[in-house]
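Working notes for the structure below.
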Amino acid sequence: MRIDLHTHSSVSDGTDSPAALVATAAAAGLDVVALTDHDTTAGWALAEQARPPGLTLMPGMEMSCRYFAAGESPISVHLLAYLFDPLHPAFAAERVRLREERLSRGERIVTALAADGYPIVWAEIVARSEGGVVGRPHVARALVEAGVVDSVDHAFATLLHHASPYYAAKADTDVLDGIRLVRAAGGVPVFAHGLATSRGRVVGDDAIAEMVAAGLLGLEVEHPDHTPDQRAYLRALATGLGLIQTGSSDYHGTNKRTPIGACTTDPAQFEALLAAGTGSAALAD
Ligand code: AMP
Ligand code: FE
Ligand code: FE
Ligand code: ZN
């Protein structure tokens, strides 16, 4: 069994349509794939309609969150959510707020870049997203097409880096509230790439303990941005706290170089995750 529990389609910042993504998953020999677009469930129905026989499709999402540590600025964290009820009103309302926040923040970044002469236009970037959830990868692609940088990676390493003067933060959900919302909607909250220092500051064990007290059920251990030491550390932490351990590629199509299935989840951990979710069902033959 090959199980990849974290992928993005073109309804957020991946490049495969949801239909193409499930085909890519099957072609790569996966038995299970979770669709976890940023802050939206818009891809679920499209992926379901296109699900090839033999592939199990896990409905999911990656929620943009922040951890508020005393005495420092908030730390950006991502929360994976599986098997939740997409119609739970408070959770659905929070997703709408997050998407609006992404639009106003994207516009601030692009307006500041354009004011300094970088030839990119916010309205064109929004139009290119075709109603999807806009993120920095969309801005990065526009910068590549305008010839400002030579790759998406280059854009992230320079103009779009979190330490760049053009970077703007988003008012993401307090992660403790996010965890409670996912649980209220019958879902399974899993802390995504929790020690990936390449993405910026990361939280400590005290924060993870607070997240567990709020209802966190799992840690993403195997992830391309985690070093072997970080994986070993998270594995021990998850075992000690009795948490589910997942592994995933965080596939983004051609926006990143990682292939689908690059990291995978142990079948027993997948079964534990399935057993914990009550808000929606995985789709299988
Ligand atoms: P945002 O959510 O708008 O802050 O943008 C962050 C998103 O960009 C995350 O989903 C990352 O997966 C993605 N990302 C981060 N670094 C890179 C990179 N070097 N190339 C492509 N995508 C990236
Ligand atoms: Fe992303
Ligand atoms: Fe993430
Ligand atoms: Zn992701």
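Read the figures in this text as sums done on the coordinates, not as results from a lab. Just so it is clear, the structure is predicted and the values come from calculations on it, not from any experiment. Positions of Cβ are backbone-derived with ideal geometry, glycine not excepted, and every protein chain shown enters the neighbour counts.
When you check residue 9 against the structure, is it assigned to a loop (DSSP other than H, G, I, E, B) and either within 16 Å of ligand 3 (Cβ to nearest atom) or crowded, with 24+ Cβ neighbours inside 10 Å (or both), yes or no? Considered against the rule, which asks whether it is assigned to a loop (DSSP other than H, G, I, E, B) and either within 16 Å of ligand 3 (Cβ to nearest atom) or crowded, with 24+ Cβ neighbours inside 10 Å (or both), residue 9 comes out as yes. Only a single criterion out of (1) of a type in the set (Asp, Glu); (2) loosely packed, with under 14 Cβ neighbours inside 10 Å; (3) part of a loop (DSSP other than H, G, I, E, B) is not satisfied by residue 229, namely (3). Among the residues of segment 67-81, just one is more than 10 Å from ligand 3 (Cβ to nearest atom), surrounded by fewer than 20 Cβ atoms within 10 Å (Cβ to Cβ) and in a strand (DSSP E or B), namely 75. Within segment 212-225, the presence of a residue that is assigned to a loop (DSSP other than H, G, I, E, B), of a type outside the set (Asp, Glu) and under 23 Å from residue 126 (Cβ atoms) is excluded. I want to confirm something. Restricting to segment 235-282 and keeping residues that are among the hydrophobic types (A, V, I, L, M, F, W, C) and assigned to a loop (DSSP other than H, G, I, E, B), which single residue is farthest from ligand 3 (Cβ to nearest atom)? The qualifying residue farthest from ligand 3 (Cβ to nearest atom) is 281.
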